[in-house]
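The values are calculated or read from the model by the stated rules, or taken from the named source; none is laboratory data. Nothing here was measured: the structure is a model prediction, and the numbers come from that model. Glycine also receives a Cβ, built like all others from the backbone with ideal geometry; neighbour counts cover every protein chain displayed. We work out accessible area using only protein heavy atoms, side chains counted, and drop any ligands, DNA or RNA first. Shrake-Rupley method; radii C 1.70, N 1.55, O 1.52, S 1.80 Å.
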Amino acid sequence: MTELAPEVRARAVDALRAHGDPLAADLLASCTVYLTQDEAGDVSLELVAPFVSQAGPLDLTQPMAATLAAALREGLPAGVWVERLVARPAAEPRHTSTGTGGAQQAALPASGLNQAVGELAPRTWSGMRFRSESELRLARALDRAGVLFFPDALARLGPPRARQNREADFLVCWQGMWGILEVDGEPFHGQDREGADAERDQLFRQHGLVVMEHVDAAQCFATPDRVVEDFLAILQQRRSS
């Protein structure tokens, strides 16, 4: 495995910006790109990024993945053909975030928690766990906005005879109004979760949570403060109505 020359990635990033796609440019700029060759001689590009949750081939039916793939291929030298494009998560760093007063926050244990249940490699920040870099960036943006929020917390809900456990990405309270903010999808690995998400949303609505916004993970990763600003405006509008 050889790291791709930085100028190749830089050309692809510049091309995306020139084409008016700053979101894709920001995502690609956050990646480390490697060139790999298997036993058969097939060449692959491997993108390593903090917002990738699972290793595997890029799903080129997803617009963001297709855009990044096209930009990278255009940035390669003439005559170089890449057979596959794959992605994998960045290695998890040791988290030594500091909280109030500079006290060091230790990583939380993987069991016995009501947050990001089942996540094998969570991101941690300020004593909380997150399933992706996009969620972590969104949490920091909510923190900067001074918002009360509960990230990735398991809830018990539903009618008395059909109680279920469900998790909201962010349960948010702003000026007395409650709402749920969901981070949808991954830039590389699209999954058809519309049915499951709709069922979960309906369960929360049965308990009076009517503000439920779904935002693409790529947007949360690149512009988390804007996502928070827009969501708080929705809560404010609901409060005023």
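Taking all protein chains together and rolling a 1.4 Å probe, F204 ends up with roughly 20 Å² accessible. Note on L154/E7: beta-carbon distance plugged into 1/(1 + (r/R0)^6) with R0 of 45 Å gives a FRET efficiency of 0.45.
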